[in-house]
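What follows is a single structure, written as structure tokens, with notes after it.
The values are calculated or read from the model by the stated rules, or taken from the named source; none is laboratory data. Here the structure is a predicted model, which is why all the values come from computation and not from measurement. FYI the Cβ positions are ideal-geometry reconstructions off the backbone, even for glycines, and counts take in every protein chain you see. The area values use the complete protein model at the heavy-atom level, side chains included, leaving out ligands, DNA and RNA. Shrake-Rupley method; radii C 1.70, N 1.55, O 1.52, S 1.80 Å.
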Amino acid sequence: MATTAGASRRRALRLLGGAAVAGALVAVGCNARNRPPGPPRLGLIQYVRGAAPDAARRGFVQALARAGFRAPAGVILLERFSEGSMATCRAQVKDLLEGGVDMLVAIGTPPLAAILAIAPARVPVVFTYCSNPWGAGAGTSYTRHRPNVVGTVSTSPLAEQLDLARRISPGLSSVGLVFHPSEANASFEAELLRREASQRSIAVVIEPVAGPAEVARAADALTAQRVGALVRVGDYATSVGFPALAAAGLRHRLPVYSVDPADIATPGCLAVVGWDPEADGAQAGALAVQVLRGRSPATMAFEPVTRKLLLLNRRTAGAIGVTFPPELLRQADRVEG
């Protein structure tokens, strides 16, 4: 928790405005010798490019702008893209720290893990598009966490995904899962899926992969085992390789369910129940604004994302011979095709 002196300092910062906030962040967020003069400098690290993480970053930046931290006059945004490489991610963290950033922003769990392994504890860290901050080392609960870290938690709504699959196919007894076991997000969510499936007497048949190039082979292997549907958890291998997973569903006339709203437009994706990534980023951006205005992350709780989307693809349904219940169509946020 913040000391009395720290609380007084934050009150003074609020009175003095943005220039004083920048000065405070210089004091606690980076090596002042390396920091160029000017507005607060935020280093944003995004693990992969894609519709969902791009939307999360967009929501984050828009939230900053709405609060008056608009680039380049109100804030300096130093954006880095790791192209799915942890080695690149770690190098980017080091580079941003050497450049004198006042805050590090992780868009995804891998960047968060890299930041927490390298950055000193005096640097404020905000994360978004992250389902497993615990696995990245951020803390043990929403309120028990590292004192310099805060962000939004978007663990995939896997119980809702299974309930949706059962609603569309009442006799569903098994699902096939492709995922990358070495990814912290993927292994975490795969275990959650197994737990939720067990409670619903649904078997989960698994095909592990080492990367996106193996998704097509793994999906075909699952269909050979006569699973009732293919499902996706949050991991980068099936994020990049999702078109191959959806194509296997089309070939074998099998429902494919995703947790990523961007996947609904992919031929072969039947339905999505997942978090709105732009809303996720905006929520994290609002937390970052509080830190920029002087609040310590130590006094803040991690926040669960709450904006959930239900999306259906009528064209895919026709291609695989599935009929959506009328009530489900009425409840959907969007119906493709």
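Any chance you could count how many residues in region 168-185 are open to solvent by 40 Å² or more (accessible area, probe 1.4 Å) and within 16 Å of Ile202 (Cβ to Cβ)? Number satisfying all stated conditions: 3. In region 41-69, of all residues being open to solvent by 40 Å² or more (accessible area, probe 1.4 Å) and not in a helix (DSSP H, G or I), the one that is modelled with the highest pLDDT corresponds to Gly68. For region 270-282, does any single residue satisfy the condition of being open to solvent by 30 Å² or more (accessible area, probe 1.4 Å), out of contact with any Leu (no Cβ under 7 Å at 6 or more places or on another chain), under 29 Å from Tyr142 (Cβ atoms) and in a strand (DSSP E or B)? Within region 270-282, one or more residues are open to solvent by 30 Å² or more (accessible area, probe 1.4 Å), out of contact with any Leu (no Cβ under 7 Å at 6 or more places or on another chain), under 29 Å from Tyr142 (Cβ atoms) and in a strand (DSSP E or B). Looking at Asn185, Asn132, just one residue is part of a helix (DSSP H, G or I), in contact (Cβ under 8 Å) with a residue 40 or more places away in the chain and touching a Ser or Thr at 6+ places or on another chain (Cβ under 9 Å), and that residue is Asn185. For region 210-251, name all the residues that are farther than 25 Å from Thr109 by Cα, in contact with a helix residue (DSSP H, G or I) (Cβ under 9 Å, 6 or more places away or on another chain) and not aliphatic (A, V, I, L, M). If the condition is that a residue be farther than 25 Å from Thr109 by Cα, in contact with a helix residue (DSSP H, G or I) (Cβ under 9 Å, 6 or more places away or on another chain) and not aliphatic (A, V, I, L, M), then Arg217, Asp220, Thr223, Gly228, Gly249, Arg251 are the ones that fit.
Can Ala218 be described as touching a residue at least 24 places away in the same chain (Cβ under 8 Å), touching a His at 6+ places or on another chain (Cβ under 7 Å) and crowded, with 18+ Cβ neighbours inside 10 Å? Show your work before the answer.
Details: touching a residue at least 24 places away in the same chain (Cβ under 8 Å): yes; touching a His at 6+ places or on another chain (Cβ under 7 Å): no; crowded, with 18+ Cβ neighbours inside 10 Å: yes.
Taking the combined requirement at face value, the residue does not satisfy it.
Being closer than 14 Å to Leu193 by Cβ and of a type outside the set (A, V, I, L, M, F, W, C) is the filter here, so list the residues in region 224-278 that pass it.
Here is the first cut: in region 224-278, the residues closer than 14 Å to Leu193 by Cβ are 227, 229-235, 238, 257-259, 273-274.
Answer for region 224-278, where residues must be closer than 14 Å to Leu193 by Cβ and of a type outside the set (A, V, I, L, M, F, W, C): Arg232, Gly234, Asp235, Thr238, Tyr257, Ser258, Gly274.
Between Val289, Val322, the distinction of being surrounded by fewer than 20 Cβ atoms within 10 Å (Cβ to Cβ) and in a helix (DSSP H, G or I) belongs to Val289 only. Residues that are in contact with a Gly (Cβ under 9 Å, 6 or more places away or on another chain), at negative phi and acidic (Asp, Glu) do occur in region 72-87, at least one of them.
Out of the residues in region 101-110 that are farther than 14 Å from Thr152 by Cβ and modelled with pLDDT of 95 or more, state the one that is nearest to the chain's Cα centre (by Cα). Outline the logic, then answer.
Kept after step one, since they are farther than 14 Å from Thr152 by Cβ, are these residues of region 101-110: 101-104, 110.
Now narrow it down to the ones that are modelled with pLDDT of 95 or more: 101-104.
Numbers: Val101: 22, Asp102: 22, Met103: 19, Leu104: 16 Å.
Among those residues, the one meeting the criterion is Leu104.
Scanning region 119-167 for residues that are open to solvent by less than 30 Å² (accessible area, probe 1.4 Å) and within 30 Å of Pro326 (Cα to Cα) yields a count of 9. Note on region 78-100: among residues that are of a type in the set (A, V, I, L, M) and more than 19 Å from the chain's Cα centre (by Cα), the one that is nearest to Asp235 (Cα to Cα) is Ala87. In summary, Ala301 fulfils each of the numbered conditions (1) within 18 Å of the chain's Cα centre (by Cα); (2) crowded, with 16+ Cβ neighbours inside 10 Å with the single exception of condition (2).
Between Arg194, Arg226, Arg253, which is in a helix (DSSP H, G or I) and out of contact with any Asp or Glu (no Cβ under 7 Å at 6 or more places or on another chain)? Lay out the reasoning, then the answer.
Values: Arg226 fails: in a helix (DSSP H, G or I); Arg253 fails: in a helix (DSSP H, G or I).
Sole residue among the options that is in a helix (DSSP H, G or I) and out of contact with any Asp or Glu (no Cβ under 7 Å at 6 or more places or on another chain): Arg194.
Cβ-Cβ distances below 6 Å connect the following pairs, each with a first residue in region 290-307 that is closer than 18 Å to Val123 by Cβ, a second residue that is among the polar types (S, T, N, Q), and a separation of six or more residues or different chains: Pro297/Asn148. Figure legend. Inter-residue proximity from region 221-232: first residues closer than 7 Å to Gly176 by Cβ, second residues basic (Lys, Arg) and open to solvent by 10 Å² or more (accessible area, probe 1.4 Å), beta-carbon distance below 7 Å, spacing 6+ or different chains. No pairs are indicated.
Examine region 23-32 for a residue that is more than 22 Å from Ala119 (Cα to Cα), modelled with pLDDT under 95, open to solvent by 30 Å² or more (accessible area, probe 1.4 Å) and in a helix (DSSP H, G or I), and state whether such a residue exists.
Residues of region 23-32 more than 22 Å from Ala119 (Cα to Cα): none.
Within region 23-32, none of the residues are more than 22 Å from Ala119 (Cα to Cα), modelled with pLDDT under 95, open to solvent by 30 Å² or more (accessible area, probe 1.4 Å) and in a helix (DSSP H, G or I).
Inspect all residues belonging to region 235-248 and state whether any of them is closer than 23 Å to Gly50 by Cα, in contact with a His (Cβ under 8 Å, 6 or more places away or on another chain) and acidic (Asp, Glu). Yes - at least one qualifying residue is present in region 235-248.
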